[in-house]
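The values are calculated or read from the model by the stated rules, or taken from the named source; none is laboratory data. In this text the structure is predicted, and so the values were computed from the model without any measurement. Backbone-built Cβ (ideal geometry, glycine too); neighbour counts: all protein chains shown.
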Amino acid sequence: MNIPDSALDALVVGSGPNGLAAAITLARAGLAVRVYEGAAAAGGGLRSAELTLPGFVHDPCATVVATALVSPFFRSLDLAALGVELAHPEVPAAHVLSPDRAVLLHRSVDETAAGLGRGGAAWRRLMGPLARDAELLMPWILGPIPRPTRHLVAAARFGPAALLPAAALARLAFREEPARALIGALAAHAMVPLESPGSAAYGLVLATAAHAVGWPVVVGGSQHLADALVGEIRRLGGEVVTDAPVANLADLPPARAVLLDVTPRQLVALAGDRAPAAYARRLGRFRYGPGVCKMDWALGGPIPWRAPELATAGTVHLGGRLAELASAERSVAAGRMPRRPFVILVQATVMDPTRAPAGRHTVWAYAHVPHGSEVDATDLIEAEIERAAPGFGDLVLARHVRTAAAHEAYNPNLVGGDIGGGLATLPQVLARPTLAWDPYRTPIPRVYLCSSSTPPGGGVHGMAGHRAAISALGREFGTRV
Ligand SMILES: Cc1cc2nc3c(=O)[nH]c(=O)nc-3n(C[C@H](O)[C@H](O)[C@H](O)COP(=O)(O)OP(=O)(O)OC[C@H]3O[C@@H](n4cnc5c(N)ncnc54)[C@H](O)[C@@H]3O)c2cc1C
């Protein structure tokens, strides 16, 4: 550690994208900041590792960084100057409707619409204005909602549709199955039943990002993005210490602000009797969501998709028709393992061949599973891929699997394997982690929460950390950003 304890202004516990964003925002204001990370490498959900074989780079957690490209925090950084290169697939995402039939989500709204048959015109009507207004909408959507916005027309196009259950939006907006399933699968990233109010928001945000900025991965692995953020903290005079788990706030050196990149359950444990009992009880009611069973493969060749156009897509959704998707997500929410789970797959080497030896490939996928599940879903996930790509299994050189339960040991923020920092139901999106005008501030003096358990929730955008830092700067240092 280079900064003497007595010179520290602010501390951050946890170096996920939100912790690192918080540290950068604080350091930019001239504060001396130290980040404590419990793991051996910084990055939280933005790490990479050779999980299968030497020479094959895998992202254990986040791999598609679309939300970073629409995030005002990440847009304030010159990623290229920080040495981060992005690789875009020809087609951001695809949805497998049946083993030999896929629907493609292109960068272009028109091209997407052209592939949706009679649903095309409705896709253009719904997504065209949102994609056009993405720059106005995203800073508002990625902040605590509801907040006033100057862009009322754009907000009026997003808000009412976003508040709907995804299944209702799909059926109201589209008459045909391809568009219904496409928007349903995008919304299913939220990991709440597609009948839940507000679940449509995820579908709309992810489709808007695909059209506006694409769904890229980081060349060489997500760790490069985390390392660039750490480099920026150091350039600004801050420091990041790894292998430094914090067990209790009392163990930290004194500082005027402490920002916690942890979930509510950990906050209560870290604070001990510093947390007012009523606040600890409210946080105790915070709900965590379903988990994921995550797989990574080293492959001897590209995936032999039945529908050849899938070879051009970075992300592939395997989930069938809207009704099938909805049924799988309902089961998971009810704590039952579906017979055919929804699988999200990323074939990163299609756009970034540096991640594997020449001619070889890496594949990343997860299935939604019940909270805390110890089920190894390898057979179910591989069966879904094999249906759409017979012969996949013959290409597998090595595989790595992490169950929902095992995720929490990898990163304590992944409670029960929940990758979103808490259930994304509408009430908990609006009041995250509790109902408050400033959701980042806690009643514990000088302590702020800055993880994905605060607005805007899960994803690599750094906006929870950035906004928590702005709150701390204003309240503790009198600095307006
Ligand atoms: C399998 C999986 C796939 C995902 N895919 C994507 C994707 O493709 N795109 C996307 O945008 N998002 C994806 N996500 C979600 C994304 O990774 C998270 O939303 C994001 O990382 C949350 O950032 P965070 O900073 O809030 O927390 P995290 O990234 O979870 O970081 C928290 C950090 O705090 C550390 N920590 C916790 N407690 C302590 C303590 N007491 N002391 C010290 N350190 C501590 C942890 O070790 C960890 O490093 C995925 C997540 C998972 C698990």
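For the reader, a short list of remarks on this structure follows.
- Residues of the range 103-135 satisfying the condition of being more than 24 Å from the chain's Cα centre (by Cα) and among the hydrophobic types (A, V, I, L, M, F, W, C): A113, A114, L116, A121, A122, W123
- Selection status of L46, in a helix (DSSP H, G or I), in contact with a helix residue (DSSP H, G or I) (Cβ under 6 Å, 6 or more places away or on another chain) and within 8 Å of the ligand (Cβ to nearest atom): no
- Scan of the range 223-251 for residues that are part of a helix (DSSP H, G or I), within 11 Å of the ligand (Cβ to nearest atom) and charged (D, E, K, R), ordered by number: D251
- The range 137-158 residues that are outside any loop (DSSP other than H, G, I, E, B), paired with ones that are hydroxyl-bearing (S, T, Y) (beta carbon under 6 Å, 6 or more apart): W140/T149; A155/T149
- For the range 441-466, the set of residues classified as away from the ligand (no atom under 12 Å from the Cβ) and either touching a residue at least 40 places away in the same chain (Cβ under 8 Å) or over 13 Å from A257 (Cβ atoms) (or both) consists of T442, P443, I444, R446, V447, Y448, listed by residue number.
- Residues of the range 118-143 satisfying the condition of being over 24 Å from P455 (Cβ atoms) and either modelled with pLDDT under 90 or among the aromatic types (F, W, Y) (or both): W123
- Of the residues in the range 31-38, at least one is more than 17 Å from T315 (Cα to Cα) and away from the ligand (no atom under 15 Å from the Cβ).
- As a summary of the residue check, L345 satisfies the conditions (1) at positive phi; (2) surrounded by 15 or more Cβ atoms within 10 Å (Cβ to Cβ) except for the one numbered (1).
- A405 fulfils the conditions (1) assigned to a strand (DSSP E or B); (2) of a type in the set (G, A, S); (3) touching a Ser or Thr at 6+ places or on another chain (Cβ under 9 Å); (4) surrounded by 16 or more Cβ atoms within 10 Å (Cβ to Cβ) except for a single criterion, (1).
So that you can scan it fast, the table gives a plain yes or no per residue for (1) under 30 Å from M337 (Cβ atoms); (2) surrounded by fewer than 21 Cβ atoms within 10 Å (Cβ to Cβ); (3) modelled with pLDDT under 95:
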position: L194; (1), (2), (3): yes, no, no
position: A210; (1), (2), (3): yes, no, no
position: V219; (1), (2), (3): no, yes, no
position: Q223; (1), (2), (3): no, yes, no
position: V230; (1), (2), (3): no, no, no
position: N248; (1), (2), (3): no, yes, no
position: G284; (1), (2), (3): yes, yes, no
position: V292; (1), (2), (3): yes, no, no
position: A298; (1), (2), (3): yes, no, no
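- Of all residues in the range 262-306, those that are among the aliphatic types (A, V, I, L, M), farther than 27 Å from A49 by Cβ and not in a helix (DSSP H, G or I) total 1.
- When E309, E324 are checked against the criterion of being assigned to a helix (DSSP H, G or I), away from the ligand (no atom under 15 Å from the Cβ) and without any contact (Cβ under 8 Å) to a residue 24 or more places away in the chain, a single residue qualifies: E324.
- The C-beta contact set for the range 239-250 (first residue among the polar types (S, T, N, Q), second residue part of a loop (DSSP other than H, G, I, E, B) and surrounded by fewer than 16 Cβ atoms within 10 Å (Cβ to Cβ), distance under 8 angstrom, 6+ apart or interchain) comprises T242/A40.
- Selection count, the range 27-42, where residues are touching a Leu at 6+ places or on another chain (Cβ under 7 Å), within 17 Å of L449 (Cα to Cα) and not in a strand (DSSP E or B): 0
- Some residue of the range 405-415 being away from the ligand (no atom under 13 Å from the Cβ) and not small (G, A, S): no
- P4 within 11 Å of the ligand (Cβ to nearest atom) and either surrounded by fewer than 23 Cβ atoms within 10 Å (Cβ to Cβ) or closer than 28 Å to E476 by Cα (or both): no
- Summed over the range 49-77, residues that are without any contact (Cβ under 8 Å) to a residue 60 or more places away in the chain and in a loop (DSSP other than H, G, I, E, B) total 3.
- Residues of the range 58-81 satisfying the condition of being buried (at least 23 other Cβ atoms within 10 Å of the Cβ) and more than 8 Å from the ligand (Cβ to nearest atom): H58, V70, S71, F73
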